[in-house]
Amino acid sequence: MKSKADIRMRGFLKRTPVNKLLELIKEHSHLLSSEEILTSEASGRTLAQEIISNVNVPNFARSAMDGYALDAESTFGASTYNPLIFRIVGQLTPGDTYDAEVQSGEALSIMTGGPLPKGTNAVLIAENAELFDNKIQILDSVTPGKNVGQIGEDIKKNQSLLKSGRVLRPQDIGLLTSIGLKSVKVLRKPEVELLITGDELLKPIEQARGVKIIDSNSAMLSPLIKRDGGLLNAVHQLPDERDLLRKHLIESNADLLCVTGGTSLGIEDHGPTLLDELGELLVHGIPMRPAAPTGFGLIPGKSNCDVKKVFLLPGNPVSCLSAYDYFVGRSLRLMSGRSEDWPYRKKIVKLATKISSQIGRIEYVRLRIKKNRAFFIAAGGASILSSTTEADAFLLTEQESEGFAEGDEVLVWLYDE
């Protein structure tokens, strides 16, 4: 049995490089199993099957314009100098049919989307005909197939439409619906639980009082988890009681757990030692500011083959945000088949101020953008959440860099998606 080291109140003896943590996350964030859901509810989900159409779309020849359906060969030779007269035999709108066969010298008034009747192979647009009584005078000829949407013009039977692994967009849902697909196989959403720890915390619906503060982390993380394809099953707000946290870690059925608070080196910081006791504490402490106390590990699931991923996130809200965004969101996106990259827009801007950084550490720097220039707001301030709401963007310094000089062009990520 391995020895359980108690590192509380001793400081981080060794910090895991951020790139190493990212490698571990990628290694353990496997794609989840599939499930079948209604096509109408599949937007944003990742396909777990190739989609091959079993029908033609459209499955009938139809008019692509408002005009007159007729036999194209019968119009050859028509011009303004030699107009031809055709008799109108009826009118057809989308969803209706014309059962008789249209003869040479006859035309059927037809609206866009109407099915072509027998005896016709083209549509003369209304602008090239003059209507009088129940006849039209044709001023121009048409070729066979003119202004006609052919069978399978959009989708052909047995055509491969979408590959497995595609994240479905709204237009994809429209396409799948057009071939009559009622349900589709997609990757299951990663199930997430939040364990919000701290004797000092009140629930988000409560009012701050005395030396108590309101938990803002759960309110902040919930929409981020949804954004990254996760399914938030539960939020548990727990006092700093070791046995209670231990119970929740063991009994959770989630694929991924986030423990906020209690992740550093204090007497009441039970997260790291519990994770080490129950499973494997792979990382505790990284060279990143804020977010230095971030941890990551694995504990057994309900069956022998299941493993739960556990992220230890700092309790201070800016640290919590940067740690989630950099690490947890990436894990959720990988498990649900999405790109591991941030879902933020990137932009190159010029720095209006110098930004200093300590070699060996990554800085999460908040910026305000004005006229394509970036102004420094904050790099530290782990508890100053307002620094993120005032910011338009953020950047990350390199671990080997001392920062950036005023006037440098830098890559930033914009908070507004």
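The values are calculated or read from the model by the stated rules, or taken from the named source; none is laboratory data. None of the values given here were measured: they were computed from a predicted structure. Positions of Cβ are backbone-derived with ideal geometry, glycine not excepted, and every protein chain shown enters the neighbour counts.
Summary of values
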| read-out | value |
| --- | --- |
| Test: residue 197 is of a type in the set (Ser, Thr, Tyr), within 30 Å of residue 52 (Cα to Cα) and touching a residue at least 60 places away in the same chain (Cβ under 8 Å) | no |
| Residue selected from region 69-101 under the condition in a strand (DSSP E or B) and among the small types (Gly, Ala, Ser), by the criterion nearest to the chain's Cα centre (by Cα) | 69 |
| Total residues in region 397-414, condition without any contact (Cβ under 8 Å) to a residue 60 or more places away in the chain and in contact with a Gly (Cβ under 9 Å, 6 or more places away or on another chain) | 2 |
| Tally of residues being under 14 Å from residue 130 (Cα atoms) and in contact (Cβ under 8 Å) with a residue 12 or more places away in the chain across region 76-107 | 10 |
| Criterion (among the small types (Gly, Ala, Ser) and more than 27 Å from residue 40 (Cβ to Cβ)) met by exactly one of 109, 160, 164 | 109 |
| Pick from region 11-32, criterion assigned to a loop (DSSP other than H, G, I, E, B), more than 18 Å from the chain's Cα centre (by Cα) and not basic (Lys, Arg), ranking: farthest from residue 359 (Cα to Cα) | 11 |
| So residue 409, is it surrounded by 13 or more Cβ atoms within 10 Å (Cβ to Cβ), over 26 Å from the mean Cα position of the chain (by Cα) and not assigned by TED's automatic domain parsing to the domain that holds residue 293 | no |
| Count of region 57-87 residues which are surrounded by fewer than 21 Cβ atoms within 10 Å (Cβ to Cβ) and not basic (Lys, Arg) | 20 |
| Exclusive hit being free of Cβ contacts under 8 Å to residues at least 24 places away in the same chain and outside the structural domain of residue 218 (by TED's automatic domain parsing), set 370, 350 | 370 |
| Qualifying residue in region 144-158 (condition: crowded, with 18+ Cβ neighbours inside 10 Å, under 30 Å from residue 54 (Cα atoms) and in contact with a Gly (Cβ under 7 Å, 6 or more places away or on another chain)) | yes |
| Subset of region 36-47 (residues that are surrounded by fewer than 20 Cβ atoms within 10 Å (Cβ to Cβ) and closer than 30 Å to residue 323 by Cα) | 43, 44 |
| Among the residues listed as 274, 245, the single one being more than 32 Å from the chain's Cα centre (by Cα) and without any contact (Cβ under 8 Å) to a residue 60 or more places away in the chain | 274 |
| Only one of 276, 199 that is surrounded by 15 or more Cβ atoms within 10 Å (Cβ to Cβ) and out of contact with any strand residue (DSSP E or B) (no Cβ under 7 Å at 6 or more places or on another chain) | 276 |
| Test: residue 54 is part of a loop (DSSP other than H, G, I, E, B), surrounded by fewer than 19 Cβ atoms within 10 Å (Cβ to Cβ), modelled with pLDDT under 95 and of a type in the set (S, T, N, Q) | no |
| Filter pass, residue 45 being touching a strand residue (DSSP E or B) at 6+ places or on another chain (Cβ under 7 Å) and not assigned by TED's automatic domain parsing to the domain that holds residue 166 | no |
| Condition broken by residue 234, with the remaining ones in (1) assigned to a loop (DSSP other than H, G, I, E, B); (2) among the small types (Gly, Ala, Ser); (3) within 24 Å of residue 214 (Cβ to Cβ) satisfied | (1) |
